[in-house]
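Undergrad: Pasting in a structure now, in structure tokens, and then I'll have a few things to ask.
The values are calculated or read from the model by the stated rules, or taken from the named source; none is laboratory data. The structure displayed is predicted, hence computed values, not measured ones. Methodologically, a virtual Cβ is constructed for each residue, glycine included, from the backbone with ideal geometry; neighbour enumeration extends over all protein chains shown. Areas reflect the complete protein model, heavy atoms only, side chains present, ligands, DNA and RNA absent. Shrake-Rupley method; radii C 1.70, N 1.55, O 1.52, S 1.80 Å.
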Amino acid sequence: MLAIAALLSVGLILPIFAAAQTNAEFPRITETRAKAAGNFEMDAGGEASIHGTNLVPSGKGFSRVFIGDAEATVTNSSASQLWIRVPVSLVPGRSYDLYVVTSAGKSNVVKVKILSNLTQANAPISVTAPNGGEQWETGLIHTVTWTPYGYNPDINSSQDVTAYLEKSDGKGGIVRLGNVQETGKASIHWRTGALNSLSDETYVQPGQYYVYVVNNKTGASDRSDRPFTITARSVDLKINGSDGPVSLVPGEQVTMTWRSSGKAASCRAYGVGAARGENSISNLGSVGTKKVYYSTEANVRNVFAECYGENNLLINSDVVKVTTNQPRPASITVLSPNGGESIQIGVPYTIRWEQKGVDRVSIALYKDDKWQEWITRDILFAKRDNETYEFPLWVPEGSSMGDTGSYKIYITGERSDGSGYVDDKSDAPFTFSRNARSAPRISAIAPASAAVGSQVTITGTGLQRASNDVYANGRMIAAFLGATNCDAKDVPTCAIRVRVPATAPGTYDVLVKNAYGTSNTVKFTVTSAGTSAVSLASISPTLAAPGTRVVLRGSGFTPTGNQIWCMSGCTYSPGVIPNATSIASFDGKSINYAVPQTPPGVYTVAVKNANGTSNTVPFSVVVASASATSQMASALAAIEGQLREIQAIVARMLGQQ
């Protein structure tokens, strides 16, 4: 009765109010869309979108969607699109009137047909991954997914679904091997090849398999359409012939065997030493057997191995878990983003979390409480307890991410005592925003004139805490050094500091570009050529595994002869890093460099060349999976290629002037 009364109220009162409005403000529906359905078709209990104009009124107001006598739940909205959850009370096979009511008026009416009811009791289930042809490496986390899938109402929710591994019996039948060993839920995150029926760190043999999923409440089930392949581990480590868990005492001598398939040139081991008291071994071959000693360091638990290919690129890693008689407390806590944040697209952001008693973690992005994609997988840690960790998150401009939906960060990690996994997710959703702030505007440059090598301060609005590029007469000439009060809420102005690089004396039109846009121009005078001081502004990414290519950005870099020094953290600090004694810079403001084989930890580095010694910048070395490292390296290589193309174009343009 309340819903009918509300509907009558809307039908009688709003048209009178709307008569005073212009027709241009009325909402208008042009189409609807839903998964696996045509235009103007949807499923009860499912998700759908409504497209049109003026679906959200300008200024403050409301938007409501009615399908027949039932009101749909609006989950997200924009002027041209509404996202809804279709009421579960609608009857399959029937058609209903659908319309939108806003504070400006009522829309046109369209007919929609309900195809089925996707509530828990009626939903089918269909495997989407692995569904045939995939190649999943043994021991690497992959995600078993299916459709339909959702919460509130629950539709094949992960807590009700079990996944099994199966294979052909060679006679036209299927043999079930066991249910997959989960390392996280929603959908089901699986360390490929691990089954609950097998002991920890034991996997099925490489070969072709199927995944079979079943909803334990409804009985709905499905199997991969075609077989997928589980491939052999690219790195395999054994202690005393075992994949683990093994029981060891500190300082115990053990036999370590390792093997790397592919193009590994060398390997490195952590948690063991060539002599008692040592904690790592470098420069191992790609395959071998060696008598070693288990670490005596209290903070070391398990034994790790990493293998590298050409250019020190990490191929993959493996771990052998070491057990003790006492179970070890384990936890993961997501610190940020943890709910309510608005992350700017195109601006770097740092994921932070705390962990205890965990060996390796994987980080995923969830959209509307559903797994969306892996950000990184299988980050290994040599030191693990009571520490805060960071990993970069960056969504490039032009990405469709953030257009719709709410997001959470999900982190899952394996207990270092081998007793399963722990996980955590952002407490509440966060969002991605696009150009949420106005373009930068320069109010002053102080001093208004200076020599090359001098530091100047640019004050204005719309400036960022990082990633500001300063241009003079259309060319980037100044290196960004730092910022004060930038990106803080309710701060009208902020200041960024730059150093003037080598350029001819004269007056220049200076502007700032960042993710928010391009600023106005302000006059600045270079009084003398001077000597360009070297300055290090940033290292991107801020943490990486050995073999990963990183970019050092700053000013005063020379065409050749740049050295990267480890100022603290290295055994030889301060001193030049062995593989960084003479590095080129093609533009004077960036250096591309591969992280050498170095134990995990935090280091401070500086750049030295003929112009002097720069300031120091911290950098963290981590142990990461091959997938995460190769993805990062590929991304940096692509960026480097684009920069070279842009440089060539600019050079040609300058040559024509």
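Undergrad: Quick one: net charge around Val100, please, counting Lys, Arg +1 and Asp, Glu -1 for every other residue with C-beta under 10 Å from its C-beta.
TA: Local net charge: +3.
Undergrad: By the scheme Lys and Arg +1, Asp and Glu -1, what is the net charge of all other residues having a beta-carbon under 12 Å from that of Thr119?
TA: 0
Undergrad: Follow-up question, since we're still on this one. Count charges around Asn131 for me, please; just the other residues with Cβ under 15 Å from its Cβ, Lys/Arg as +1, Asp/Glu as -1. Don't skip to the end; give the middle numbers.
TA: Values: positive: Arg223, Arg226; negative: Glu134, Glu166, Asp222, Asp225.
So the surrounding residues net to -2.
Undergrad: If packing is taken as the average count of other Cβ atoms within 10 Å, what order do 79-89, 353-363 fall into, highest mean first?
TA: Ranked by mean Cβ neighbours within 10 Å, highest first: 353-363, 79-89.
Undergrad: Using mean Cβ contacts within 10 Å as the protection proxy, how do 337-344, 124-131, 580-587 order, highest first?
TA: 124-131, 337-344, 580-587
Undergrad: Still on this structure, please answer the following. Report Ser286's accessible area, 1.4 Å probe, all protein chains in place, as a number in Å² to the nearest 10.
TA: Here the accessible area works out near 40 Å².
Undergrad: Subtracting the Cα-Cα distance from 0.36 nm times the residue separation, let me have the gained length for Gln81 to Leu177 in nm, one decimal.
TA: Full extension of this stretch gives 29.9 nm more.
Undergrad: Summarise the accessible area of the range 225-272 (1.4 Å probe, protein heavy atoms) by the percent that is carbon and sulfur. Could you put the intermediate results ahead of the total?
TA: Numbers: 1000 of 1950 Å².
It is 51 percent, rounded to a whole number.
Undergrad: If you don't mind, another one. Estimate the FRET efficiency between Thr521 and Ser336 by the formula 1/(1 + (r/R0)^6), using the beta-carbon distance for r and 41 Å for R0, to the nearest 0.05.
TA: Plugging the Cβ-Cβ distance into 1/(1 + (r/R0)^6) gives 0.65.
Undergrad: Could I have the simple spin-label model distance between Ser443 and Leu393, label points 7 Å from Cα toward Cβ, reported in nm to one decimal?
TA: So the label points at Ser443 and Leu393 sit 3.2 nm apart.
Undergrad: Using a Förster distance of 51 angstrom, determine the FRET efficiency expected from the C-beta separation of Ala451 and Thr571, and round it to 0.05.
TA: 0.80
Undergrad: Here's a follow-up. Keeping the other protein chains in place, figure out the carbon and sulfur percent of the accessible area of the range 516-582, with a 1.4 Å probe. Write out the running numbers ahead of the final one.
TA: Numbers: 1520 of 2680 Å².
Roughly 57 percent, rounded to a whole number.
Undergrad: So how much accessible area does Lys217 have, in Å² to the nearest 10, using a 1.4 Å probe?
TA: My reading of the accessible area for Lys217 is about 150 Å².
Undergrad: With every protein chain left in place, what is the accessible area per residue of the range 79-184 in square angstrom, probe 1.4 Å?
TA: 40 Å²
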